[in-house]
Amino acid sequence: MWDELQLLFVWAPVINIQLILEGIFVGAIFALSAYGLALVWGVMNIKNLAQGDFVIAGGYMAFWLNSLGLPLPLILPIVLVSMFFYGWLVYLLVIRRILDQDMFVSLLATFGLSLLMQQVINRIFGPEVQTVDMQLPVFDAFDNMVTIPSSKLIALGLAAIIAIAVVLFMKKSRTGQAIRATAQDPRAARVLGINIDRVYAFTFAFNSALCGAAGVLVSIIFVIQPFYGITYSMGSFAIVTAAGLGNLPAVIISAFGIGLFTKYCGFFESALEYAAPVAVLITVLLWRQITMSRNRQAVR
Amino acid sequence: MTTNINLPIYATLAVIGILGPIFFPAYTLSIAFLWVMVIMASTWDALGGQMGYNSLGNITFFGIGMYVSAIVQVSFFYEGGVGEYTSAMGSIKPEFTDAEYFIGLFLGILAAGIVGLVISILFSSFMFGLRGPYFAIGSLGLAIAAAEITITIDYVGGPSGILMPLFPGDIEFRSTFFYSICFLLAIASHILLRWLFSTQFGLAANAIRDDEDKAEAMGIQTLSYKRISWGIAAFFMGCTGAVVGNMIGFIDKEVAYPIPTFGIFMVAAALLGGKGTLWGPVLGAIIFHIIKDAAWTLLLGFQWIVLGIILIVNIVYFQQGIMGWLQVKFPERFGIVIDTSTTLVDSQRGDDAR
């Protein structure tokens with residue numbers, strides 16, 4: 001622990017730059033999937049534990065398309081569209097029937113979905129760790145102490161473009177307005193002539209497409225494996241719990257915060273990288289509990 | 001439920017429990033895991049089904065119990081202590097006499113249960129402020145955190161785990177012995193829950209499930225009720241963990257904290273049988289275990305896909321469970337009588353009883 005601290009702040013402060021960059025890359029992906037989770041959670045009150053598996057499914061789709069020889073500008077739209085339709089199908093088969101149920105039911109049903117998706121991907125692609133190699137150059141800085149693959153920069157740019165597009169879509173388009181209206185008050189939205197069922201289906205499919213996009217970026221800059229989804233699920237849950245629903249700037253800030261936190265934890269002890277989002281989640285829940293119990297009033 | 005329905009069920013279960021391993025000795029350990037599933041599902045239901053606090057983290061106590069019993073069993077009669085035993089990675093094979101082994105095992109199981117109970121009381125001081133899905137996610141986080149913390153402790157072997165002391169006696173006696181412990185634990189947990197939920201405790205628990213704020217306003221000490229329920233679950237999960245650890249013979253993170261398998265199976269079994277009933281989890285655990293073992297042997301390679309589909313279909317399309325379905329189908333068998341003078345109230349109660 002002390003050695004690592006010395007290394008970080010005395011001997012080679014440049015490593016900080018590398019860690020911060022890595023944290024930003026992780027945070028960008030977390031932000032996409034966490035935004036989708038917050039959207040579905042806020043609009044239809046479904047807690048999607050399969051979020052990470054949608055990400056991994058998008059990643060494997062990109063991997064498969066890349067092995068067919070397609071370039072990245074083609075892969076991204078194909079994955080977006082097919083994940084959109086996959087999400088719509090999942091909505092019709094599973095999500096639609098648990099909409100008005102107890103909240104725990106949505107957790108369990110999406111857990112079953114997550115199990116199913118992991119295993120189907122495992123059957124098709126096998127349990128090996130895969131990555132999409134885009135054959136792009138790698139930049140070095142500070143005497144080779146910091147490496148920045150250009151694929152990561154491209155991924156960061158794509159994430160930013162997707163995020164801006166999503167925000168504009170939600171603010172400006174009629175569908176985005178309908179989604180926001182439904183989130184505020186489903187009954188009033190129905191009275192005003194919005195087809196709630198279609199809005200829900202669209203929201204879930206939209207979330208699935210967002211996860212698919214995040215998955216494409218994951219497959220380019222990190223590695224994918226059928227059982228890696230839980231990392232992204234837990235990360236997204238931690239981010240949404242920390243940021244609160246329907247608070248987009250907070251979601252983005254806490255996504256980058258958690259990205260940085262996991263990378264720094266991973267630097268000290270590699271096993272901690274997976275435990276970090278869980279630790280953040282529990283800390284946030286405890287903190288809320290303490291602040292809420294302080295506000296609690298009782299008649300004595 | 002009246003006794004005339006219960007008697008044949010108990011008789012059938014006793015026949016399965018006693019004659020099963022006699023006629024099918026090859027399946028003894030599989031039937032032992034059946035009782036393990038029954039314990040897990042019933043004790044999960046004490047908090048999850050009856051009280052509405054759906055815990056995904058009961059498996060924490062299973063793992064803690066497993067490690068506690070290993071520490072007790074090894075350190076009780078081996079002078080070097082657990083640290084030396086685990087750092088040798090199984091090359092040290094301490095010679096236990098029969099009496100030493102069985103006393104150690106008994107103390108280990110007891111200690112596992114008590115430590116589970118104590119830890120559940122510690123956890124309950126902050127966990128029960130979380131409600132609904134937050135409790136589920138929080139307890140799941142607890143289980144994951146416990147698993148991650150355990151492998152960083154070198155005293156209990158870290159990631160490489162602990163080899164349990166060897167059982168004195170031949171392999172058939174070994175499986176029969178552990179089978180009997182599992183069976184007895186299942187009976188004990190069932191009798192305890194049956195008695196507990198026939199008292200006012202059951203009414204208070206259901207009141208907490210239906211509306212916690214109102215229950216609190218009515219003067220029910222909700223926190224202590226939740227503590228008792230979780231404590232029972234933790235005690236039995238700890239004991240079961242200790243037995244399963246000895247039954248498998250080797251423990252590490254994957255064996256001790258099977259979050260995606262047993263951690264979810266117990267919830268799925270309770271839901272399949274019908275949560276919030278006494279018999280639902282027992283029935284659900286038996287059916288679930290049979291399906292699971294059949295899938296493992298007949299559909300090897302696709303077993304997880306089958307289980308995922310069962311989980312989704314069960315939760316999405318068949319949520320009330322077997323007992324809930326039976327209650328709707330034959331309400332008079334469950335003592336649900338429609339009183340015409342208070343039709344509205346009673347029919348609502350019939351719905352709630354699911």
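Values in this text are rule-based calculations from the coordinates and carry no lab data. What you see is a predicted model; the values in this text were computed from it and never measured. Every residue, glycine as well, gets a Cβ built from its backbone with ideal geometry; the counts of neighbours run over all protein chains shown.
Listed values, structure above:
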item	result
Gyration tensor verdict on chain B (Cα atoms; rounded if a/c is under 1.5, prolate if a/b is larger than b/c, oblate otherwise)	prolate
Förster radius 51 Å - calculated FRET efficiency between B:TYR10 and A:LEU99 (Cβ-Cβ, nearest 0.05)	0.80
At least 30 Å along the helix axis (C-alpha) and Kyte average at least 0.0, DSSP helices within chain B	B:28-51, B:98-127, B:171-196, B:222-248
Shielding by partners, peptide A:235-242 (average Cβ within 10 angstrom, other chains)	1
Net charge of Cβ neighbours under 12 Å - reference B:ALA215; Lys, Arg +1; Asp, Glu -1	-2
Among B:ALA234, B:LEU184, B:ILE287 - extreme Cα towards positive end, dipole of chain B, charges at beta-carbon	B:ILE287
Using alpha carbons only: equivalent-ellipsoid semi-axes of the range A:2-295, gyration tensor based, whole Å	32, 24, 18
About the Cα centre, charge dipole magnitude for chain B (Lys/Arg +1, Asp/Glu -1 at Cβ), debye	600 debye
Net +/- balance of residues flanking B:GLN50 in space, Cβ distance below 10 Å, scoring K and R +1, D and E -1	+1
Label-point separation, B:GLU254 to A:PHE9 (7 Å along Cα→Cβ), nm	4.0 nm
For the protein assembly as shown: rounded, prolate or oblate by the Cα gyration tensor [a/c cutoff 1.5]	oblate
Modelled label reach - B:ILE309, point 7 Å along Cα→Cβ, the range A:77-108 residues with backbone N closer than 17 Å	A:90, A:93-94
B:GLN221-A:ASP140 FRET efficiency (beta carbon distance; Förster radius 60 Å; 0.05 resolution)	0.40
Of B:PHE167, A:ILE17, A:LEU5, farthest towards positive along the dipole that unit charges on Lys, Arg, Asp, Glu beta carbons give the protein assembly as shown	A:ILE17
Alpha carbon convex hull of the range A:1-116, volume per residue in cubic angstrom	170 Å³
Estimated inter-spin distance, A:ILE20 and A:LEU70, nm [label 7 Å along Cα→Cβ]	3.8 nm
A:PHE169-B:LYS329 FRET efficiency (beta carbon distance; Förster radius 60 Å; 0.05 resolution)	0.80
Full-extension gain in nm, A:GLN177 to A:LEU92, via 0.36 nm per residue minus C-alpha separation	28.4 nm
Counted charge near A:ALA201, where neighbours are those whose Cβ lies closer than 14 Å (Asp, Glu -1; Lys, Arg +1)	+2
